[in-house]
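Trainee: My questions will all concern the structure given below.
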Amino acid sequence: MDESLKKTEPIGNGLKIYVSENHTFGTDAVLLSYFSSAKQKDRLVDLGTGCGIIPFLMLRDKKLSSAVGVDISDEAICLAKKSAKVCKFDNFKGVCSDLKDLKDKVDFGCNTLVTCNPPYKADGAGLKNPNTRKKVARHEVECSLEDIVAVSAKLLQTSGRLCMCHRPERLAELMSLMRQYKTEPKRMRLVSQRKGLSPWLVLVEGKRCANTGLVIEPTLYVENENGGFSDEMINIYGAYKEAYL
C-alpha cells in the first residue's frame, strides 16, 4: 500500500479514515459538518473534500441519502475512496476534478446540500507554502471564492443549502457573492477561541432562491474559562472526541 494510505485518524463509532500529510483535517471542518445540520434525505456535494472528513462525519451519524466528494487532487480522492470502502460508506462517490469543470461529472440542479471548507487566503495574499498541495489548500490558486459560490449555485436545487466556513475578514465578500448567484444568506455563526477574543472563523448558510432574512446565531466558544473544551464543543466533538479517550 502507498505510504500516504497507511496513516489513519479515528472519527468515532469505531471508524477510522485515511489521511496524509497533505490531506488531513482540523477543527474548522468538524465545525462546518456540525453547522450544516445534514438530514437523512440530503444529497450532498462537498467541494474540496480533501480526505473526505465532512461527508464522512455526516455518514457516520447515518445522515445523507448520497454524498459526492470533489477534489482536484488525485491523492485526496484516493484517500477518500479508500476510507469509504473500509467504513462501508457505499453511498459516497469521490470525483477527481477541477470544480470549474464539473459538468457531466456531478449532477447539477438536484442536490440539497453543498459544503465547502475553502482556501482562506486570496491568491495574492500572504506568503505561499512551497508545497504545491498545501498551497492549493490554503490559497485560491486553483479556484476563487467566486468559483466556489458559482458552481454551488449550479449544483443546488431550489431551496438547497450552501454551507461554508471562512475567515471573518472575508464575510462581506462571501455574502455579496452568494446574493450575486441567488443563494441568499440565511444563517450565520461566529466562532471564537474563548470569551473576550475576536472570532477566528465564521460559518454561513445560504439557501438557493430564498427570500431575505438572516439569522445570526450566538457565538460558538471553543474553550471555557479554564482553557478546556466548552460544553458545546464537547457535544460537537461527540463520538470523534471519544475515539481518543
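The values are calculated or read from the model by the stated rules, or taken from the named source; none is laboratory data. The structure presented is a predicted model; accordingly, all values stated were derived computationally and were not measured. Using ideal geometry, Cβ is built from the backbone for each residue, glycine included, and neighbour counts are taken over all protein chains shown. Accessible surface is based on the protein model in full, side chains and every heavy atom, while ligands, DNA and RNA are left aside. Shrake-Rupley method; radii C 1.70, N 1.55, O 1.52, S 1.80 Å.
Trainee: I'd like to check one number: the per residue accessible area of the stretch 1-93, probe 1.4 Å, reported in Å² as a whole number.
Mentor: Numbers: 4100 Å² over 93 residues.
I get 44 Å² per residue for this part.
Trainee: Still on this structure: Using the Cα centre as the reference, give the magnitude of the dipole from point charges on the C-beta atoms of the stretch 7-90 (Lys, Arg: +1; Asp, Glu: -1; all else neutral), rounded to the nearest 20 debye.
Mentor: 480
Trainee: Which value, in debye to the nearest 20, gives the size of the charge dipole of the stretch 138-223 about its Cα centre, when Lys and Arg are +1 and Asp and Glu are -1 at the Cβ?
Mentor: Result for the stretch 138-223 is approximately 320 debye, rounded to the nearest 20.
Trainee: Could you tell me what percent of the DSSP beta bridges with both partners in the chain are antiparallel, to the nearest 5?
Mentor: DSSP beta bridges in the chain are roughly 45 percent antiparallel.
Trainee: Do any of K88/K207; K62/K195; K39/K195; K41/K186; K154/K195 go past 29 Å between their Cα atoms, and which?
Mentor: The pairs that break the limit, which is 29 Å between Cα atoms, are K88/K207; K62/K195; K39/K195; K154/K195.
Trainee: In Å², what does the accessible area per residue of the stretch 133-230 work out to with a 1.4 Å probe?
Mentor: With the other protein chains kept in place, the stretch 133-230 gives 48 Å² per residue.
Trainee: Among the listed pairs K63/K121; K100/K121; K16/K182, which have their C-alpha atoms separated by more than 26 angstrom in this model?
Mentor: Numbers: K63/K121 31 Å; K100/K121 19 Å; K16/K182 38 Å.
Over 26 Å Cα-Cα: K63/K121; K16/K182.
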